[in-house]
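What follows is a set of notes on a single structure, which appears directly below.
The values are calculated or read from the model by the stated rules, or taken from the named source; none is laboratory data. Fair warning: this is a prediction, and the values are worked out from it, not measured in the lab. Here the Cβ positions follow ideal geometry from the backbone for every residue, glycine too, while neighbour counts run over all protein chains shown.
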Amino acid sequence: MDGTKEAQQNAGEWQVTVPEGAEEQDAAAGDPVCKRSAWAWPMISCAAMFKCKVSGFRKMVWKIGEDDPRKTMYGIKVGIALALVSLFYYARPLYDGIGGRNVVWAIMTVVLVFEQTVGGSMYKGVNRTAGTISGTALALGLHWVASKSGKTLEPMVTTGSIFLLGAVAFSRFIPLVKSMFDYGVTVFIMTYSFVAVSGYRVEDLAMLALQRVSTISIGFFICFAVCVLIRPVWSGQELHLLTSRNMEKLADALEGCLEDYFFADADADVTKRAQVGSSKSDGYKCVLNSKASEDSQANLARWEPAHGRFGFSHPYEEYAKVGAAMRQCAYCVEALHGCMAPEQQQQAPDLLVGVYTKMGARCARVLREASSSLATMTTSRTLALAVADMDNAVRELKSDMRALPSKLLLLLAEEPTEASSIDAMALLPVTLMLIEIATRIKGVADAVSTLASIGGFKPADDDKTKIEMEVPPLKELDYSDASTVNLTTTIIERPLSRARNPSTDQQV
């Protein structure tokens with residue numbers, strides 16, 4: 001044994017122990033069949049990867065079309081519009097009538113102008129047509145002036161006019177121009193530069209300008225016809241439905257926040273509940289993230305012709321005010337969601353749970369009534385009743401919070417513990433946020449009422465409005481009253497001798 005170890009230690013460092021069968025493996029490695037397999041393996045792996053990518057892309061495209069079939073229809077409509085424009089190439093009379101190769105401008109117009117909504121196509125089409133006509137007319141006028149200045153000054157006059165007209169691009173930073181005519185300004189500068197520069201070499205510039213205007217007008221007309229006649233998607237309706245759905249989501253978020261806080265499983269892991277969350281209570285995020293979409297849809301809806309109950313004078317700008325009021329409410333719901341996070345959960349007294357849930361239900365009812373009124377485009381008198389019920393719930397909440405110190409001191413007299421008072425104090429921010437949310441919800445209801453008045457919504461014809469009872473007007477609430485903020489000092493300063501006597505159930 002010792003001799004073997006000494007032999008291994010005395011062995012040269014260059015010696016390597018070769019496992020059995022290594023020579024046979026080396027011989028097999030030199031086989032041409034094995035070499036071909038080694039070269040084929042990367043190709044097989046690349047083919048498998050490509051197949052996987054294609055399959056994933058196919059599933060993604062199928063899911064997009066399945067979720068919103070209108071996107072699939074959009075592609076079909078674009079194909080129809082391009083097929084109609086291509087007839088001007090195939091039909092010889094049409095080809096010769098609009099200037100032959102200038103048909104390409106009609107094809108470019110269809111590709112650049114066609115959008116999913118009618119408002120989007122109208123916005124781009126009208127801007128492109130108006131920019132082309134105005135740019136062409138101005139270029140023809142300045143070409144006449146340049147031609148009268150002589151061959152030497154003509155290039156200078158043309159170049160100077162292009163420079164001055166190019167400075168018109170500064171107008172794109174004006175808010176009104178940027179929101180309504182940004183695309184038209186770009187087309188105007190491009191058309192003017194093209195026609196003005198071409199006038200130096202082209203003999204019949206007027207015919208060139210006429211052909212360009214005619215081909216672009218034809219492309220726009222085909223886009224408009226296909227977009228309106230085949231499954232139209234109206235920006236005004238999209239904005240209307242988006243606003244109504246956001247109100248429903250905001251109401252669900254408010255109720256879900258209270259449900260997750262007061263009725264969550266106490267035995268569940270707090271960290272797990274915080275990570276999983278509630279999709280219902282997160283609906284306010286959709287309201288906060290919808291401003292860009294609302295502004296875009298409102299801007300495009302102004303270009304649409306009258307359709308259904310959306311006339312030429314429909315107040316689309318009022319939807320922006322409704323959306324702003326909802327976002328103010330959503331910010332408060334977000335703050336309430338932070339105050340009532342699962343990791344900050346306290347054991348609320350039973351006398352407050354009912355008040356909070358009632359308050360949340362009344363607030364959610366106002367939002368749902370406003371959403372229903374907006375979705376059906378009717379003026380529902382139940383919205384005023386819902387607002388009155390919410391006002392009463394706010395009064396009850398403030399009254400209960402003022403009477404809470406007496407009740408807490410009674411509990412402390414019966415059971416000497418500070419848990420109830422600490423839990424109630426932790427719910428004070430929740431109370432203030434609920435009162436603030438009620439204020440913001442009244443703003444939403446007022447914005448919806450204004451929209452219904454200006455938009456000419458019809459009165460609701462349902463059984464609820466027929467059996468309504470006259471409700472006396474309630475005194476306007478002053479939500480700015482922060483008397484509940486003094487709850488801390490009230491609990492501390494009120495002596496124990498003034499607690500409620502449990503035997504007589506009277507205030508001493």
Which residue pairs have Cβ atoms closer than 7 Å, lie 6 or more positions apart in sequence or on different chains, and pair a first residue in the range 445-465 that is surrounded by fewer than 14 Cβ atoms within 10 Å (Cβ to Cβ) with a second residue that is assigned to a helix (DSSP H, G or I) and at pLDDT 70 or above? I454/E318; K464/T382
Of all residues making up the range 294-317, the number that are basic (K, R) and surrounded by fewer than 17 Cβ atoms within 10 Å (Cβ to Cβ): 1
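Condition (residue is more than 30 Å from V118 (Cβ to Cβ), outside any helix (DSSP H, G or I), at pLDDT below 90 and among the hydrophobic types (A, V, I, L, M, F, W, C)) applied to the range 310-322: is it met by at least one residue?
Within the range 310-322, the subset more than 30 Å from V118 (Cβ to Cβ) is none.
No.
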When residues of the range 349-362 are limited to those that are in contact with a Phe, Trp or Tyr (Cβ under 8 Å, 6 or more places away or on another chain) and surrounded by fewer than 18 Cβ atoms within 10 Å (Cβ to Cβ), the one modelled with the lowest pLDDT: V353
Are there any pairs, at least 6 apart or on different chains, whose C-beta atoms fall under 7 Å, with the first in the range 86-114 and in the same structural domain as R128 (by TED's automatic domain parsing) and the second exposed (fewer than 14 other Cβ atoms within 10 Å of the Cβ) and modelled with pLDDT of 80 or more, and if so, which? L94/L87
Elements of type helices (runs of 4 or more DSSP H) contained in the range 175-248, each with 2 or more residues being within 30 Å of G150 (Cα to Cα) and not assigned by TED's automatic domain parsing to the domain that holds V287: 182-198, 205-229
For a quick check of your reading of the model, give me the residue pairs whose first member lies in the range 133-146 and is assigned by TED's automatic domain parsing to the domain that holds S161 and over 11 Å from I189 (Cα atoms), whose second is outside any helix (DSSP H, G or I) and not charged (D, E, K, R), with beta-carbon atoms closer than 9 Å and at least 6 apart or on different chains. L140/G199; L142/G199; H143/G199; H143/Y200; A146/L153; A146/G199; A146/Y200
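Any chance the range 149-159 includes a residue that's touching a helix residue (DSSP H, G or I) at 6+ places or on another chain (Cβ under 7 Å) and basic (K, R)? Give the derivation first.
Within the range 149-159, the subset touching a helix residue (DSSP H, G or I) at 6+ places or on another chain (Cβ under 7 Å) is 149, 154, 157-158.
Keeping just the survivors that are basic (K, R) gives none.
Among the residues of the range 149-159, not one is touching a helix residue (DSSP H, G or I) at 6+ places or on another chain (Cβ under 7 Å) and basic (K, R), which makes the answer no.
Given the criteria closer than 22 Å to S371 by Cβ and free of Cβ contacts under 8 Å to residues at least 60 places away in the same chain, does G256 qualify? Spell out how you get there, then give the answer.
Details: closer than 22 Å to S371 by Cβ: yes; free of Cβ contacts under 8 Å to residues at least 60 places away in the same chain: yes.
Yes: the conditions hold for G256.
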Out of the residues in the range 379-401 meeting the condition of being outside any helix (DSSP H, G or I) and modelled with pLDDT under 85, tell me which one is surrounded by the fewest Cβ atoms within 10 Å (Cβ to Cβ). R381
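Okay, residues lined up against (1) more than 22 Å from F220 (Cβ to Cβ); (2) of a type in the set (S, T, N, Q); (3) surrounded by 13 or more Cβ atoms within 10 Å (Cβ to Cβ):
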| residue | (1), (2), (3) |
| --- | --- |
| A139 | no, no, yes |
| T158 | yes, yes, yes |
| A167 | yes, no, no |
| S171 | yes, yes, yes |
| D182 | no, no, yes |
| T186 | no, yes, yes |
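Conditions (1) at pLDDT below 75; (2) surrounded by 10 or more Cβ atoms within 10 Å (Cβ to Cβ), marked per residue:
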position: M1; (1), (2): yes, no
position: M49; (1), (2): no, yes
position: C52; (1), (2): no, yes
position: V61; (1), (2): no, yes
position: G65; (1), (2): yes, yes
position: P69; (1), (2): no, yes
position: K77; (1), (2): no, yes
position: I80; (1), (2): no, yes
position: L87; (1), (2): no, yes
Just a yes or no: is a residue in the range 279-291 under 30 Å from A130 (Cβ atoms) and either modelled with pLDDT of 85 or more or assigned to a helix (DSSP H, G or I) (or both)? yes
